[in-house]
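Worksheet: the structure to be examined is printed underneath.
The values are calculated or read from the model by the stated rules, or taken from the named source; none is laboratory data. Just so it is clear, the structure is predicted and the values come from calculations on it, not from any experiment. Note that we place each Cβ from the backbone using ideal geometry, even for glycine, and neighbour counts take in every protein chain shown.
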Amino acid sequence: MGSEGNSTAVECRQLTKVFQRLLEGRAKAVYALRDVSLTVRQGQIVGLIGPNGAGKSTLLNLIAGLILPSEGAVTVCGHPARSIAARRGLGYMPEHPVFPGLYTARAILRYHGALLGYSAAVIAQRTDKSIEQLQMQEFIDRPASDFSQGMKQRLALAVALLNDPQLLLLDEPSNGLDPVGIIQLRDLLKRLRDFGAAIVISSHRLGELEKMTCDYLFMHRGRIVSFADTIAAGQAGKLHVELVSGGRQIADKLSPPDCVLEVSDTELVVGINDPDKVPDLVSELVQGGARIRSVLLQREDIEQVFLRLCKEGT
């Protein structure tokens, strides 16, 4: 995925992750990931989507170096995952961030800055930057025990951004955010991308992902189906053709005939894989005797692609 001119931020090669689970008194191997390979490049936002249990969080945890693969390998910015060099360039935001309740947001940022080895001056500078970026002024000096879910999300993102990461991994980052917070998050991530960061987002908010990227990885049952290998969101769709009459006879002349999804005397709905083919199709209809009142291309959005691929994968 991504342009060839950009350097690689993440490369996963034939990743498999097996967990041992006790089922009915017996240890059983449960595959969370099976033979997953992917590449994410600098300056790219990638949406990681799939149903619950598809393996999205497991994949992020492997890239972050929080767990080890059963098979395969991961490199982050050219370094093996879990290495110090890889972690220097990595920011990670878990789905359910937890903070010590007695600490304020400012103290938590100072603590994580110290773990990164920064001086007090650098920590103060980066904390001030986070406060402004993420609109944390109202709760920066309040204890974490008072935080709403949205406040925790902002703080978790601030922690992930402390080291100006080259790769940012976000697991459901908009959980608990209000509409204004979601817009601010979207704008921030776009700015980070424009400065060259690679961002991988696991999210069920497909409409939000669609506003940030057209690069997606669809996961189903521990495997990845790349839209580039199937059909890209925004390219597939349905062509609604309103006719004066004779729809059924005209549909019989179309090639291939199985592209016709719906037909009546006054309307055809035709499946389209490439929008550039629309003029040729309209020309074919006219040559076949169609008297056309109107033509409307209804493109398939990311939610529709997601639902369709879920059905195809069952």
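Applying the criterion of being part of a strand (DSSP E or B), at pLDDT 80 or above and of a type in the set (Val, Ile, Thr) to the residues of the stretch 225-279, the residue that is surrounded by the most Cβ atoms within 10 Å (Cβ to Cβ) is Val241. For the structure I just gave you, tell me whether Ile67 is hydrophobic (A, V, I, L, M, F, W, C), out of contact with any Gly (no Cβ under 9 Å at 6 or more places or on another chain) and farther than 22 Å from Arg221 by Cβ. It is false that Ile67 is hydrophobic (A, V, I, L, M, F, W, C), out of contact with any Gly (no Cβ under 9 Å at 6 or more places or on another chain) and farther than 22 Å from Arg221 by Cβ.
Might you check whether a residue that is outside any helix (DSSP H, G or I) and within 19 Å of Leu192 (Cβ to Cβ) occurs anywhere in the stretch 67-81? Checked the stretch 67-81: at least one residue is outside any helix (DSSP H, G or I) and within 19 Å of Leu192 (Cβ to Cβ). Any residue in the stretch 124-132 that is touching a helix residue (DSSP H, G or I) at 6+ places or on another chain (Cβ under 6 Å) and either surrounded by 15 or more Cβ atoms within 10 Å (Cβ to Cβ) or closer than 26 Å to Gly89 by Cβ (or both)? Yes, because at least one residue in the stretch 124-132 is touching a helix residue (DSSP H, G or I) at 6+ places or on another chain (Cβ under 6 Å) and either surrounded by 15 or more Cβ atoms within 10 Å (Cβ to Cβ) or closer than 26 Å to Gly89 by Cβ (or both). With the condition kept exactly as written, say whether any residue in the stretch 185-202 is touching a Leu at 6+ places or on another chain (Cβ under 6 Å) and of a type in the set (S, T, N, Q). The answer is yes, given that some residue of the stretch 185-202 is touching a Leu at 6+ places or on another chain (Cβ under 6 Å) and of a type in the set (S, T, N, Q).
Scanning the stretch 96-144 for residues being part of a loop (DSSP other than H, G, I, E, B), over 30 Å from the mean Cα position of the chain (by Cα) and farther than 23 Å from Val180 by Cα gives a total of 6.
Residue-by-condition table, conditions (1) among the hydroxyl-bearing types (Ser, Thr, Tyr); (2) loosely packed, with under 15 Cβ neighbours inside 10 Å; (3) without any contact (Cβ under 8 Å) to a residue 12 or more places away in the chain; (4) not assigned by TED's automatic domain parsing to the domain that holds Ile199:
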site: Pro80; (1), (2), (3), (4): no, yes, yes, no
site: Phe99; (1), (2), (3), (4): no, no, no, no
site: Ala107; (1), (2), (3), (4): no, no, yes, no
site: Ala114; (1), (2), (3), (4): no, yes, yes, no
site: Val122; (1), (2), (3), (4): no, yes, yes, no
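With respect to Ala32, determine if the residue is assigned by TED's automatic domain parsing to the domain that holds Asp146, under 27 Å from Met151 (Cα atoms) and surrounded by 14 or more Cβ atoms within 10 Å (Cβ to Cβ). Judged against the criteria, Ala32 is not a match.
Residues of the stretch 36-59 include at least one that is surrounded by fewer than 22 Cβ atoms within 10 Å (Cβ to Cβ), farther than 28 Å from Arg186 by Cβ and not β-branched (Val, Ile, Thr).
Conditions tested, residue by residue: (1) free of Cβ contacts under 8 Å to residues at least 60 places away in the same chain; (2) crowded, with 19+ Cβ neighbours inside 10 Å; (3) under 21 Å from His79 (Cα atoms).
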| site | (1), (2), (3) |
| --- | --- |
| Leu168 | no, yes, yes |
| Glu172 | no, no, no |
| Asp187 | yes, no, no |
| Gly207 | no, no, no |
| Lys211 | yes, no, no |
